[in-house]
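Peer 1: One structure is given below, represented as structure tokens, and several questions about it will come after.
The values are calculated or read from the model by the stated rules, or taken from the named source; none is laboratory data. Not measured: the values here are computed from a predicted model. Neighbour counts are summed over all protein chains in view; Cβ atoms, including those assigned to glycine, are modelled from backbone coordinates with ideal geometry. Each accessible area value is taken on the protein alone, full model and side chains, heavy atoms only, with ligands, DNA and RNA left out. Shrake-Rupley method; radii C 1.70, N 1.55, O 1.52, S 1.80 Å.
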Amino acid sequence: MEAPLYPYIPLDPSTPRGGLPAFWVGPRHLAGDDGRLYDTVADTLAGLGWTGLTIVRGRHEPDEAPMDRQVLRSTVLHINPDALRWAQWVLADEPFHLGELPVAWQISARADTSSPLAQWSAYFTPDVPGEAVADFLVALDARDQPAMPLTDPELVLDAIAAQGWLRDIDQPQAAATDPTFTSHISLGQVPPLIQDADPRALTTDADEAGAAGWQAWAEPSLGAPCLWAASFSSSVPHDLVAAFAASLSSTAPVLRRVLPEATQERLLRAPAT
């Protein structure tokens, strides 16, 4: 018997799930991923010409009839033709957590193919708007040198301020929030397990500051669980984070059938005809 690895993802992503009506909703940063974060990102990567690698996993017990064998098939790794950048769907493989949410996509890049190690990595949990992850990947794909850092963090804050987000009063050069103070982006301490080639990322001395990276998250209400979280290791180029931030804060509505329970009362919606 063959079982799908992701039973909650429809076989045909274009088919309305359960006949649910579609809406144009906003703001984007509170709209969730429509339950299609895998499909949205995978479709983007396929359109960019990245190769999807299929991993087949299963188990065959002694004396088990062939028809009873369980086989799991999933496209979990997508690689750019130059092999310098890749994206992995890790939700099914015991991922670690950001803001108490499991990581769904990990995106990485390296400087050259002689090294198997990533120069940097970025991480996205479920309910990060798929459009923002897709725009991050489009910007990454267009970069000639995906691991070459840019040293101007103002790119990120300028991109998000242009959409009406507010710079933090106490940290105007390192943090911003949406006008409702629900979603945030900040340049600061990187959470544990975030992979980066910068030696400071391995700092364990409590008295020594590690490398700073961009973190983003949505907290529907004070003290409530996060809706989503994203983490960028310290060496992620600022222009790529800016592409994510600009898309995340975009005022353009997005198409959704499934709305996050924690934010649906905050969303403006119009039927999609």
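Peer 1: Between Ser221 and Asp82, what is the spin-label point distance in nm, taking each point 7 Å from the Cα along the Cα→C-beta axis?
Peer 2: Calculated label separation equals 4.8 nm.
Peer 1: Further question on the same structure: What does the net charge come to around Ala42 if you take all other residues with beta carbon closer than 13 Å to its beta carbon, with K and R at +1 and D and E at -1?
Peer 2: -2
Peer 1: Distance from the Cα centre of the range 90-113 to that of the range 161-187, in angstrom?
Peer 2: 25 Å
Peer 1: Follow-up. Would you mind calculating the gained length between Glu261 and Glu94 on full extension (0.36 nm times residue separation, minus the Cα-Cα distance), in nm to one decimal?
Peer 2: Result: 57.6 nm gained on full extension.
Peer 1: Once you wrap a convex hull around the alpha carbon atoms of the range 97-240, what is its projected area averaged over all directions, in nm²?
Peer 2: Orientation-averaged projected area of the Cα hull: 9.3 nm².
Peer 1: Which FRET efficiency, nearest 0.05, do Ala272 and Thr151 yield, Cβ-Cβ r, R0 45 Å?
Peer 2: 0.60
Peer 1: Highest mean first, what order results for 175-181, 127-133 on Cβ atoms within 10 Å?
Peer 2: In decreasing order of mean packing, 175-181, 127-133 become 127-133, 175-181.
Peer 1: So what is the accessible area of the range 215-273 per residue, in Å², with the probe set to 1.4 Å?
Peer 2: 43 Å²
Peer 1: For Phe181 and Ala212, FRET efficiency with R0 = 22 Å and r from the beta-carbon atoms, rounded to 0.05?
Peer 2: Rounded to the nearest 0.05, the efficiency is 0.50.
Peer 1: Report the label-to-label distance for Thr251 and Ala142 in nanometres (one decimal), using points 7 Å from each Cα along the Cα→Cβ vector.
Peer 2: Here the modelled spin labels are 2.2 nm apart.
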